[in-house]
Amino acid sequence: ADYTQPPVATKLNDRIIVGIVAPNAFPLSAEDETAFKTLWDGWAKTGARLFLRPNFFLTGYCMPYIYAREFGEIYKYAASHSMIADDYDSLLSMWGVQSPNYYMMGRLNVDPTLDVDDVLNDYYAGFGPAAAQVKKYFTFWEGVTLKCDKETRRKMTGGWASISTGGDMVFTPETFVTGHALLEDAKTAAAGDEEAARRVAYLDMWLQHADLSMQALAAYHALQKKPADKQLQAAMAQAKTAVDEFRAAHADEIVNVGVLRQVEVWA
């Protein structure tokens, strides 16, 4: 890390391309956002061209971890300050819970001048008569995600796997009750529109999976406190089986089980 900060006096030129790996994860604090812009601007002022090479999309596990708006604003800033390309580690394929993030990334790659809200509204429009309800659903999870600030993620530990190690601190049973209720509203609105109903059902399948995954994590944490407790052992085994069986039953849709297994092993 001796060379991450931009040079103070040395000038570069546009034949030099610098990849910036932002040392942050969403949600960003005000200090994080300022630090990113300071780092980015410092390198841009050298005369070099820049590409964005973040780890942003690693965070979130299989939760509805929504930071599309924050990412969009950061991306637009970089795009208007010497950015020529972007390169991500990684796209983890959590389509039914994090697709607003992915959609924002894809659309701004095509046109970084787009308004962030316009991009989100375009995504929600894909749910037809349930657009307003789906917007409300993801806006709710955006609010939950904001509780996963830097300090909370530090308590969770695990780096970019923090949500698989401590996500049950924020993604509680109460949040899933609300999430399921909001999707029920979306199902009602989508009734009669086959395509919209199918898309809402896809979101619902992923939310069921997220709920089961957090139940398993909570059961694991309970067992850690009393590892000899037979009842807690049985509850943990039952919760893990429920996740495994659900993934097996939806193998064509929950397509990146490998990365989930990895971050669960780390947890």
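The values are calculated or read from the model by the stated rules, or taken from the named source; none is laboratory data. Predicted model only: the values in this text are computed from it and were never measured. FYI the Cβ positions are ideal-geometry reconstructions off the backbone, even for glycines, and counts take in every protein chain you see. SASA here: full protein model, heavy atoms, side chains in, ligands and nucleic acids out. Shrake-Rupley method; radii C 1.70, N 1.55, O 1.52, S 1.80 Å.
What about A68, is it in contact with a helix residue (DSSP H, G or I) (Cβ under 9 Å, 6 or more places away or on another chain), of a type in the set (G, A, S), touching a residue at least 24 places away in the same chain (Cβ under 8 Å) and open to solvent by less than 10 Å² (accessible area, probe 1.4 Å)?
So A68 passes the test.
Restricting the stretch 26-54 to residues that are open to solvent by 20 Å² or more (accessible area, probe 1.4 Å) and part of a loop (DSSP other than H, G, I, E, B), the residue that is farthest from T157 (Cα to Cα) is G47. Among the criteria (1) within 14 Å of Y61 (Cβ to Cβ); (2) open to solvent by less than 30 Å² (accessible area, probe 1.4 Å); (3) touching a residue at least 24 places away in the same chain (Cβ under 8 Å), the one L182 does not fulfil is (1). Residues of the stretch 55-65 that are aliphatic (A, V, I, L, M) and open to solvent by 10 Å² or more (accessible area, probe 1.4 Å): L58 alone.
Residue by residue, here is whether (1) within 22 Å of I254 (Cβ to Cβ); (2) surrounded by fewer than 19 Cβ atoms within 10 Å (Cβ to Cβ) holds:
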site: K76; (1), (2): no, yes
site: A85; (1), (2): no, yes
site: S90; (1), (2): yes, yes
site: V97; (1), (2): yes, no
site: G128; (1), (2): no, yes
site: A132; (1), (2): no, yes
site: K147; (1), (2): no, yes
site: T152; (1), (2): no, yes
site: E174; (1), (2): no, yes
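Put simply, of A242, A249, A196, A216 the only residue that is open to solvent by 50 Å² or more (accessible area, probe 1.4 Å) and either free of Cβ contacts under 8 Å to residues at least 40 places away in the same chain or not β-branched (V, I, T) (or both) is A249.
The residue that is nearest to K147 (Cα to Cα), counting only those in the stretch 7-25 that are open to solvent by less than 30 Å² (accessible area, probe 1.4 Å) and in a loop (DSSP other than H, G, I, E, B), is A25.
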